[in-house]
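*Asks:* Okay, handing you the structure first.
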Amino acid sequence: MGLEIRPATINGENHSESVNIGAPVVLGLQPFALVDHIAKVDWSLLSQIPGERGGSFPVAVEELKHILNELNAHILPSTDNESLLKTIAGGSVANTIRGLAAGFGISSGIIGACGEDEEGKLFMSNMGFYKVDLSRLRLKNGTTAQCVCLVDEVGNRTMRPCLSGSVKVQADELKREDFKGSKWLVLRYAILNVEVIKEAIKIAKEEGLFVSLDLASFEMVRKFKSPLIELLESGNIDLCFANEDEATELLRGEEKADPDAALEYLAKHCKWAVVTLAQKGCIAKHEKEFVRVPAIGEAKVTDATGAGDLFASGFLYGLVRGLSLEECCWVGSCSGGSVIRSLGGEVTPENWQWMYKQMQTNGLQLPEPSKSSVVT
C-alpha cells in the first residue's frame, strides 16, 4: 500500500511530547482506529441491516455507504436538544481508554493505526483532547475504519463496523518499547485481530503487564468461539469482561449456559472475571471471592453504546487504585451508568459530574480533580 509509519501528530506536533512523562499506566490495543457515526433511528432501518439486532459485526464498504445514505430518512427527532447524529472517535478499547483519561485521570495510551484522512484527524483530535497518549498510534496512507451505531427508541444499539481496506497495526509492527513501563494492556476480541492480539499479549506478559480482554459481542463469540477459548485458556488473560449475552453464548451447548456458569468458567482461567447484567448490575469473581452489585442511579437509558466499555474504565480505575473487588464493581456501575445517559460512547462533562455524585454517595474513592480532563 506504499505506507509510511510514524507516530501520530496533531497540527504537525508530536502529541507524545505534551501528554505523559513516562509510560501510560494503561495501554489499549485497537489495531484499527475507528470513527463512530451514532444516531437514533426507527425500526424500519434496523430491519434492513443484515445480522441480529443488538450485536456488532463487520460489514463491507458498500453496506456502510448504504446505511449512511439511509440515515437521514430514519433518524428519530431529538427530545433534549442533543445532536441527531454524532461522529466521534470510537471502538470499544478507545472508549475505555478515553474514559480512564477523561473521567478518572489515569494516564492512558493507545496502540493502533489510523489513516491520513478526515476520519483519522477526527480520531486523533478527539482522543488527544482528553490527553490520551497517541505516540504509539501509527499514521499510514489509507483510510480510517468507520462504524455505524444505530440506536433504537429504548436505547438498545446495533453496531456495524466497516474495516475493509482500512489501515491497521500489524503484529510485526508492535515494538517492545510500546509496552515497556505500563501496567495494563486492554484488548477487545475480534477475529480480524487475532494475530496482533496474540503478539501483543506475548510482549505484554514478557514486560510484566496485566492483560484485560473484552468479549466484544455475542455474534463474535458465536461465530469465532474456538480462537477465543484458546485465548481464554492460555493463562495469559488476567481480567475478562463479558455481558450477559456474550456470557451465555460462550457456554452455548453446555449443560448449563447462563451468566453465573460463564463467570465460573472465566474465573478458572482469569484472575478477575466480570459479567455485566445491564439493569441488574454485575457479578464478579476474584479467586474465591464472589460479589454481586446492582446497577446505580435512576434508569435513564438514552443509548447503551459504550456501557460495557465505560464499566471497564471504572473497574480498571479501581484495580489501579487498589480498591476491593466490590468497590471496583461499584465504580464500574457508576461509570457505565454515566455513558448511557447521552448518545455515543463519549461521556459528557455533565454526566461525569453525575458519576462523581454517585461515587460520593456510595462512599467510593473519587479521582484526583487535577488529573481528570473533565470540565467542571
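The values are calculated or read from the model by the stated rules, or taken from the named source; none is laboratory data. The structure presented is a predicted model; accordingly, all values stated were derived computationally and were not measured. Ideal geometry is used to build each Cβ from the backbone, glycine not excepted, and the neighbour counts take in all protein chains shown. Side chains are part of the model used for accessible areas, which takes the heavy atoms of the whole protein and leaves out ligands, DNA and RNA. Shrake-Rupley method; radii C 1.70, N 1.55, O 1.52, S 1.80 Å.
*Asks:* What number, in nm² with one decimal, is the all-direction average of the projected area of the convex hull of the alpha-carbon atoms of segment 139-182?
*Replies:* Mean projected area of the Cα convex hull: 5.3 nm².
*Asks:* Which whole-number value in Å³ per residue fits the convex hull of the alpha carbons of segment 210-269?
*Replies:* 70
*Asks:* Okay, next question. Can you run phi through the Karplus equation (6.51, -1.76, 1.60; θ = phi - 60°) for segment 278-295 and list ³J(HN,Hα) in whole Hz, with x for Gly and Pro?
*Replies:* 6, 5, 8, x, 7, 10, 8, 9, 9, 6, 9, 7, 10, 9, 10, 10, x, 5
*Asks:* Sequence gap at least 6, Cα distance under 8 Å: using those rules, report the relative contact order of the chain to the nearest whole percent.
*Replies:* The value is 18 percent.
*Asks:* Percent of Cα-Cα pairs more than 17 Å apart in segment 191-242, please.
*Replies:* In whole percent, the share of Cα-Cα pairs in segment 191-242 beyond 17 Å is 31.
*Asks:* I've got another one for you. Just the accessible area per residue of segment 152-207, please: how many Å² with a 1.4 Å probe?
*Replies:* About 44 Å² of surface per residue is accessible.
*Asks:* While we're on this one: Quick check on the chain: what are the equivalent-ellipsoid semi-axes from the Cα gyration tensor, as sqrt(5λ), descending, whole Å?
*Replies:* 26, 25, 23
*Asks:* Still on this structure, please answer the following. Can you give the three extents of the C-alpha atoms in segment 243-296 along their principal axes, from longest to shortest, in whole Å?
*Replies:* 33, 25, 13
*Asks:* Can you give me the % of accessible surface on the chain that is carbon or sulfur? Probe 1.4 Å, all protein chains present, nothing else counted.
*Replies:* 50
*Asks:* Placing one identical point scatterer on every Cα of segment 100-249 and ignoring solvent, what is log10 I(q)/I(0) from the Debye formula at q = 0.11, 0.20, 0.22 Å⁻¹?
*Replies:* Debye curve over Cα of segment 100-249, log10 I(q)/I(0) at q = 0.11, 0.20, 0.22 Å⁻¹: -0.48, -1.55, -1.59.
*Asks:* Turning to a different aspect of this structure: Which one, Thr302, His286, Thr276, is farthest towards the positive end of the dipole of segment 238-323 when Lys and Arg carry +1 and Asp and Glu -1 on their Cβ?
*Replies:* His286
*Asks:* Compute the FRET efficiency between Lys175 and Arg321 as 1/(1 + (r/R0)^6), taking r as their Cβ-Cβ distance and R0 = 41 Å, and round to the nearest 0.05.
*Replies:* After rounding to 0.05, the efficiency reads 0.90.
*Asks:* When DSSP assigns beta bridges and you keep just the ones with both residues in segment 171-300, what percent turn out antiparallel, to the nearest 5?
*Replies:* Percent antiparallel among DSSP bridges in segment 171-300 is about 45.
*Asks:* So, how do all the Cα-to-Cα distances of segment 296-366 break down into 10 Å bins, in percent, from 0 on up?
*Replies:* Per 10 Å bin, starting at zero, the Cα-Cα P(r) for segment 296-366 comes out as 25, 56, 19, 0 percent.
*Asks:* Measuring from centroid to centroid over Cα atoms, what is the spacing of segment 25-52 and segment 295-358 in Å?
*Replies:* Here the two parts' Cα centres lie 20 Å apart.
*Asks:* Over segment 249-359, what is the mean sequence separation of C-alpha contacts under 8 Å (at least six apart), divided by residue count, expressed as relative contact order in percent?
*Replies:* Relative CO of segment 249-359 lands at 21 percent.
*Asks:* Amide H of Ala216: which non-local residues (sequence gap of 5 or more, or other chain) have their own amide H closer than 5 Å, using H built in the peptide plane?
*Replies:* Tyr189
*Asks:* What are the ³J(HN,Hα) couplings of segment 174-190, residue after residue, when phi is run through the Karplus curve with 6.51, -1.76, 1.60 and θ = phi - 60°? Round to Hz, x for glycine and proline.
*Replies:* Along segment 174-190, the couplings run 5, 10, 4, 5, 4, 9, 4, x, 7, 10, 10, 10, 9, 10, 10, 5, 7 Hz.
*Asks:* Just read off the accessible area of Glu287 with the full protein assembly in place, 1.4 Å probe, to the nearest 10 Å².
*Replies:* The accessible area of Glu287 comes to roughly 140 Å².
*Asks:* Can you give the log10 of the normalised intensity I(q)/I(0) at q = 0.10, 0.16, 0.20 Å⁻¹, computed with Debye over equal Cα scatterers of segment 45-184?
*Replies:* Result of the Debye calculation: -0.40, -0.97, -1.32.
*Asks:* Suppose we take every Cα in segment 273-318 and form the convex hull; what volume per residue is that in Å³?
*Replies:* Per residue, the Cα convex hull of segment 273-318 comes to 78 Å³.
*Asks:* Here's something else I'd like to know. Can you report the principal axis dimensions of segment 246-376 using only the alpha carbons, biggest first, rounded to whole angstrom?
*Replies:* 51, 31, 21
*Asks:* According to a simple spin-label model (label point 7 Å from Cα along Cα-to-Cβ), what is the distance in nm between Lys300 and Ala60?
*Replies:* 4.3
*Asks:* Which ³J(HN,Hα) values in Hz, rounded to whole numbers, follow from the phi angles of segment 99-106 under the Karplus curve 6.51 cos²θ - 1.76 cosθ + 1.60, where θ = phi - 60° and Gly and Pro get x?
*Replies:* Ordered by residue, 3J(HN,Hα) equals x, 4, 6, 6, x, 10, x, 8 Hz.
*Asks:* Please work out the C-alpha center-to-center distance from segment 72-141 to segment 240-268 and express it in whole Å.
*Replies:* Computed from Cα coordinates, the inter-centre distance equals 30 Å.
*Asks:* Which pairs break 26 Å Cα to Cα here: Lys86/Lys285; Lys288/Lys357; Lys168/Lys198; Lys86/Lys168; Lys180/Lys225; Lys65/Lys168?
*Replies:* Lys86/Lys285; Lys288/Lys357; Lys180/Lys225
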